[in-house]
Amino acid sequence: MAKHSQMKVELTGVHLCCQGCVDAADAALMSVPGVKSRCDMDNRTVALTAGDDAAAQKALDALAAAGFYGSTGKQTVAMKAVNDVPRGKVNSLKVSGIHNCCGLCCRAIKEAIATVAGVTGDTAEPHATTFEVIGDFDAAALVKALNVAGFSAQVE
């Protein structure tokens, strides 16, 4: 009889400010067959169990595509950038695919953006999954700030 091993992953630092965030993260994870998950809004964690590393990675990719980001503390299974980030400084960057279901999400996004040196403004509004950031800033620093705040997004 074959022994089935389970891959357990705990993501920390995930943006989960309200039930809308939890529902969206759960929906993304439920789209991956064989993955079970539990979101903990108070601790900003997502615990998931998958059949193997490949299924766990698919779950993390689905979570990133839904606009969430977190740290696994593992080398083998980890959140990845949704797309290539422009190198160096930019004057404008379009951000899309970010989770932003309410005013609290938007405030967290704006607070993360504000930590990036050289940013002078943004067009982020509650419920908008696409917005623009302007100034003279490092694109990778913007992505990192959003990731630290628990968000994943595409940048152009």
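Quick notes
- In degrees, nearest ten, helix 53-65 long axis to first principal axis of the chain (Cα): 30 degrees
- Debye, to nearest 20: dipole size of the chain, +1 on Lys, Arg Cβ, -1 on Asp, Glu Cβ: 380 debye
- R0 of 22 Å, Cβ-Cβ distance K94-A114: FRET efficiency to nearest 0.05: 0.75
- Kirkwood-based Rg to Rh ratio, the stretch 7-65, C-alpha trace: 0.93
- Computed over the chain, Kirkwood Rh from alpha-carbon pairs, angstrom: 15.8 Å
- Cross-link reach is defined here as a Cα-Cα straight distance under 13 Å, omitting same-chain residues fewer than 8 places apart; for K80 the aspartates and glutamates meeting it are D61.
- Taking amide H as placed 1.01 Å from N in the peptide plane, the amide H of Y69 sits under 5 Å from that of H15, F151, S152, each at least 5 places away or on another chain.
- Computed from Cα positions, the angle between helix 139-148 and the longest principal axis of the chain comes to roughly 50 degrees.
- Extension gain, K36 back to E156 (0.36 nm per residue minus Cα-Cα distance, nm): 39.9 nm
- Helix 19-30 vs. the chain, principal-axis angle (Cα, 0 to 90°, nearest 10): 50 degrees
- Helix-only CD estimate at 222 nm, as mean residue ellipticity for the chain, using -39500 (n - 2.57) per DSSP H run (n ≥ 4): -9500 deg cm²/dmol
- Note, ³J(HN,Hα) from phi for the stretch 103-117, Karplus 6.51, -1.76, 1.60, rounded to Hz, x at Gly and Pro: x, 5, 4, 4, 4, 5, 5, 5, 5, 5, 4, 5, 7, 8, 4
- Taking 17 Å as the straight-line reach from the Cα of K89, the aspartates and glutamates in range (excluding those fewer than 8 positions away in the same chain) are D122, E132, D136, D138, E156.
- Alpha-carbon centroid distance for the pair the stretch 36-84 / the stretch 123-152, whole angstrom: 20 Å
- Excluding exposed DSSP-loop trypsin sites (Lys or Arg not before Pro) (at most 10 other C-beta within 10 Å), longest clean stretch of the chain: 4-86
Computed from the coordinates by the stated procedures, all read-outs in this text should not be read as laboratory data. Here the structure is a predicted model, which means the values were calculated and not measured. Quick reminder, even Gly has a Cβ in these numbers, built from the backbone with ideal geometry, and neighbours come from all protein chains shown.
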